[in-house]
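Worksheet: the structure to be examined is printed underneath.
The values are calculated or read from the model by the stated rules, or taken from the named source; none is laboratory data. As the structure is a prediction and not an experimental result, all values here were calculated from the model. As a convention, Cβ positions derive from the backbone with ideal geometry for all residues, glycine included, and neighbour counts pool all protein chains shown. Ligands, DNA and RNA are excluded from the accessible area calculation, which covers all protein heavy atoms including side chains. Shrake-Rupley method; radii C 1.70, N 1.55, O 1.52, S 1.80 Å.
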Amino acid sequence: MENEKATPPYLEVNGLVKWFGADRAVDNISFGVERGKFLTLLGPSGCGKTTTLMSIAGLHGIDGGDIRVGDVTYTSFSKKLFLPPEKRDIGMVFQSYAIWPHMTVAQNVAYPLEIRKIDRAEIDSRVADVLRLVGLGDMADKLATQLSGGQQQRAALARAIVSRPRLLLFDEPLSNLDLKLREQMRVELKRIQNEVGITSVYVTHDQSEALVMSDEIIVMSKGRIEQKGGPHEIYAHPVNRYVSNFIGVANLLEGHVIRVTSPGHGEFEVNHGNERVILPCCLGEGLKEGAAAVLSVRPENVEARRKDPGTPRLEGEVLEAIFLGNCVDCRVRWGAFEWKVLAHPRDRLRPGERVFLHLDPDHSLAVQP
Ligand SMILES: Nc1ncnc2c1ncn2[C@@H]1O[C@H](COP(=O)(O)OP(=O)(O)O)[C@@H](O)[C@H]1O
Ligand SMILES: [Mg+2]
């Protein structure tokens, strides 16, 4: 479109810094979220996810940067602006369900509307709508304590969205649920967010949760952003070893880029005993000839064959082959390195067998170490 201008993102966090004593919990991070989108902050415990979320919510001051939603400045360190949390119009869902046990489900959900002094009929109809949306249509008159964990979390979500806030913030909301329910709730929560269209920031340490739910993912480490991108992009094109290792499973080989053959393509050299093996690969950003790098190959992109392919020859021994029905999860010893390989069941790989590993150069990615 000709007239389309680059519009600024709906939520913008710019240069956010937060110290706790001598600890820099958040170290100068910047990101934006488009209106209606679902962004996930992903990283291990202690990397600064909750601190970032609390900074957006205004539950603490910050030590640098700005936070803006639409045309409202929430916090600006340089301009000494701080909008109190109750004026930020944010819905929040936490790990602990935080719904009031002495109230019914409907009363819990109605509360944010009551403090806004909306009239009774409107409240009742909106509460009924939102309870239906989260699948609690027939639970309205139950006491909150009569609900299961999953239902309590649905009620907390209903309460967070009923006033149609500008922003939804989630801090590991599913981590108290058991695996089965968690997997079901991921999909459900994403569906509901999509339906109400409220811009959301979601915090989790669970990479599969992030992959399933997000429009965009930010991978964090030690208060910094390692990478931002869509789930597929982060999985298929991690920028470095850290991201590759944190998202999904990867074979990570240390070595060097020895040749750039065309833009984005080259050859990777890895030591194997006294031998040097050269593997054609894709090149991640910023990798020049001679650069130390890590070759990242997902197990589903490694094939174990019985026929000798010539070069490059990666001959190994199957150590373990676990039949999982639709695939076989294998470990293959190759000198000091152990490959993770997802094989097809029809190949019937067995422990002790000699195999030749074939790597698809299009799915072998050299990245920053
Ligand atoms: N209230 C606090 N007081 C002191 N240190 C804190 C406080 N909250 C967080 N931290 C520290 O800040 C860092 C980031 O924490 P947090 O944002 O909670 O990480 P995450 O949510 O990613 O697990 C950690 O080192 C943590 O110990
Ligand atoms: Mg946290």
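Assuming Ile123 fulfils every condition listed in (1) in contact with a helix residue (DSSP H, G or I) (Cβ under 7 Å, 6 or more places away or on another chain); (2) closer than 29 Å to Ser214 by Cβ apart from one, which condition is it? If we test Ile123 against (1) in contact with a helix residue (DSSP H, G or I) (Cβ under 7 Å, 6 or more places away or on another chain); (2) closer than 29 Å to Ser214 by Cβ, just (2) comes out false. Restricting the search to strands (runs of 3 or more DSSP E) fully inside region 61-139 and requiring at least 3 residues that are open to solvent by less than 70 Å² (accessible area, probe 1.4 Å), outside the structural domain of Lys190 (by TED's automatic domain parsing) and on the phi > 0 side of the Ramachandran plot gives an empty result.
Here is a check on your reading of the model: is Leu157 open to solvent by less than 20 Å² (accessible area, probe 1.4 Å), within 16 Å of ligand 1 (Cβ to nearest atom) and more than 12 Å from the chain's Cα centre (by Cα)? Answer is no for this residue. Residue pairs whose Cβ atoms lie under 6 Å apart, separated by 6 or more positions or on different chains, with the first residue in region 47-75 and within 12 Å of ligand 1 (Cβ to nearest atom) and the second among the acidic types (Asp, Glu), are Thr50/Asp171; Leu53/Asp171.
For region 320-369, residues that are over 30 Å from Ala291 (Cα atoms), open to solvent by less than 50 Å² (accessible area, probe 1.4 Å) and either out of contact with any Phe, Trp or Tyr (no Cβ under 9 Å at 6 or more places or on another chain) or modelled with pLDDT under 95 (or both) total 10. Taking region 45-60 as the range and being out of contact with any Asp or Glu (no Cβ under 9 Å at 6 or more places or on another chain) and either more than 10 Å from ligand 2 (Cβ to nearest atom) or within 25 Å of Asn194 (Cβ to Cβ) (or both) as the test, the residues that pass are Thr52, Ser55, Ile56, Ala57, Leu59, His60.
Among all positions in region 308-324, there is no residue which is within 30 Å of the chain's Cα centre (by Cα), of a type in the set (A, V, I, L, M, F, W, C) and closer than 21 Å to Ser244 by Cβ.
If the requirement is being within 28 Å of the chain's Cα centre (by Cα) and within 16 Å of ligand 2 (Cβ to nearest atom), which of these qualifies: Leu41, Leu133?
Only one candidate qualifies: Leu41.
Could you identify the single residue in Leu253, Leu283, Leu211, Leu295 that is in contact (Cβ under 8 Å) with a residue 60 or more places away in the chain and open to solvent by 10 Å² or more (accessible area, probe 1.4 Å)?
On the way: Leu253 fails: open to solvent by 10 Å² or more (accessible area, probe 1.4 Å); Leu211 fails: in contact (Cβ under 8 Å) with a residue 60 or more places away in the chain; Leu295 fails: open to solvent by 10 Å² or more (accessible area, probe 1.4 Å).
That would be Leu283, the only listed residue that is in contact (Cβ under 8 Å) with a residue 60 or more places away in the chain and open to solvent by 10 Å² or more (accessible area, probe 1.4 Å).
Write out, first by first residue and then by second, each pair whose Cβ atoms fall under 8 Å of each other, whose residues are 6+ apart or on separate chains, and whose first residue, in region 310-337, is within 21 Å of Ile278 (Cβ to Cβ) while the second is among the acidic types (Asp, Glu) and surrounded by 12 or more Cβ atoms within 10 Å (Cβ to Cβ). Within 8 Å, the pairs are Val332/Glu317; Val332/Glu338; Arg333/Glu317; Trp334/Glu315.
The set of residues from region 7-42 being of a type in the set (Gly, Ala, Ser), within 10 Å of ligand 1 (Cβ to nearest atom) and assigned to a strand (DSSP E or B) comprises just one member, Ala25.
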